[in-house]
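Q: Submitted below is the structure of interest, expressed as structure tokens.
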Amino acid sequence: MLVTLFKGLLIVLLAIPLSILALLSVPVDKSGKSFHLIARTWSRFILWIFGIKVKVRGLEHLEPKRHYVYVSNHASMFDIPALIIGIPDDVRLVLKKELTKVPIWGWALRYGHYITIDRGKARAAMKSLERAAERMRTGASVILFAEGTRTRDGKLQDFKRGAFSLAVRSGVPIVPVAINNTFGILPKGSIHVRPADIEMVLEKPIPTSNVEGREAETRLLTEVRAAIKKHYVEQS
């Protein structure tokens with residue numbers, strides 16, 4: 001436990017200068033590429049210090065220079081650095097607004113190139129999705145956790161419609177992403193980190209350009225969830 005706390009302290013100490021650097025990059029690099037590079041550096045350090053490796057399958061399904069909505073399951077805080085490192089794309093995370101309240105690091109999330117959503121206010125959440133769709137039309141990809149929050153039992157939860165509404169609004173294909181072996185690294189409510197090998201499986205992109213109406217979005221949701229479930233390994 002002491003080793004975990006010490007490593008956590010090192011991550012916080014690194015996060016401070018990197019967050020400041022990320023904030024400084026925002027007005028200089030409007031594309032967000034520098035911001036994403038800093039996020040990758042931070043993510044790589046987190047995974048390295050805890051002895052966590054990421055193996056990715058399905059990268060052959062991605063077309064270079066094309067952007068996507070990556071829809072993933074969510075079992076641990078380590079899903080975020082794993083996705084940032086594992087997906088070779090200029091990605092933007094869609095995060096809950098509560099994370100922006102963390103000093104310095106949260107400020108970088110708030111004023112940077114990621115998209116925050118106020119889940120308690122439907123109108124504000126819809127505006128956030130509109131901003132995300134606009135950024136995607138200008139060339140950025142987006143990562144969303146379709147379950148909305150981390151699983152508490154290691155099983156795949158029901159999916160929310162937000163990710164699919166965003167994909168339909170932007171006309172961008174969805175790439176289903178199954179993440180395995182993260183639930184046991186840091187379960188929700190725990191502070192003890194256990195080293196592990198994370199497996200990520202990217203399925204073939206699913207078109208969204210011809211999806212119209214609530215029923216069609218629901219069918220899209222069902223198709224994406226089935227694609228993730230096909231590769232997902234439940235943990236307990």
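The values are calculated or read from the model by the stated rules, or taken from the named source; none is laboratory data. It should be emphasised that the depicted structure is a prediction, and the values quoted were computed from it without experimental measurement. Note that we place each Cβ from the backbone using ideal geometry, even for glycine, and neighbour counts take in every protein chain shown.
Q: Filter the range 131-149 for residues that are in a loop (DSSP other than H, G, I, E, B) and on the phi < 0 side of the Ramachandran plot; which is modelled with the lowest pLDDT?
A: As a first pass, look at the range 131-149 and keep what is in a loop (DSSP other than H, G, I, E, B): 138-140, 146-149.
Cutting the leftovers down to on the phi < 0 side of the Ramachandran plot gives us 138, 140, 146-147, 149.
Details: T138: 66, A140: 78, A146: 90, E147: 91, T149: 85.
Restricting to residues being in a loop (DSSP other than H, G, I, E, B) and on the phi < 0 side of the Ramachandran plot, the top hit is T138.
Q: Next question, about the same structure. Just to be sure I understand, how many residues within the range 1-20 are more than 10 Å from V193 (Cβ to Cβ) and within 24 Å of the chain's Cα centre (by Cα)?
A: The number of residues fulfilling the criteria is 12.
Q: Now a separate question. Among the listed residues R44, R57, R66, identify the single one that is within 26 Å of H192 (Cα to Cα), loosely packed, with under 15 Cβ neighbours inside 10 Å and basic (K, R).
A: Exactly one of R44, R57, R66 is within 26 Å of H192 (Cα to Cα), loosely packed, with under 15 Cβ neighbours inside 10 Å and basic (K, R), namely R44.
Q: Do we find a residue being part of a helix (DSSP H, G or I), under 24 Å from T182 (Cα atoms) and at pLDDT below 90 anywhere in the range 34-53?
A: So the first thing to find is which residues in the range 34-53 are part of a helix (DSSP H, G or I), and the list is 34-49.
Now narrow it down to the ones that are under 24 Å from T182 (Cα atoms): 36-49.
Remaining after also requiring at pLDDT below 90: none.
No, every residue in the range 34-53 fails to be part of a helix (DSSP H, G or I), under 24 Å from T182 (Cα atoms) and at pLDDT below 90.
Q: Among the residues of the range 24-33, is any of a type outside the set (D, E, K, R) and either buried (at least 18 other Cβ atoms within 10 Å of the Cβ) or under 18 Å from the mean Cα position of the chain (by Cα) (or both)? Talk me through it step by step, then tell me what you get.
A: Taking the range 24-33 and keeping what is of a type outside the set (D, E, K, R), we get 24-28, 31-32.
Now narrow it down to the ones that are either buried (at least 18 other Cβ atoms within 10 Å of the Cβ) or under 18 Å from the mean Cα position of the chain (by Cα) (or both): 25, 32.
Yes; the residues of the range 24-33 include at least one that is of a type outside the set (D, E, K, R) and either buried (at least 18 other Cβ atoms within 10 Å of the Cβ) or under 18 Å from the mean Cα position of the chain (by Cα) (or both).
Q: Let me ask another. Could you run through the range 164-197 and say how many residues are more than 21 Å from L59 (Cβ to Cβ) and outside any loop (DSSP other than H, G, I, E, B)?
A: So the count comes out to 6.
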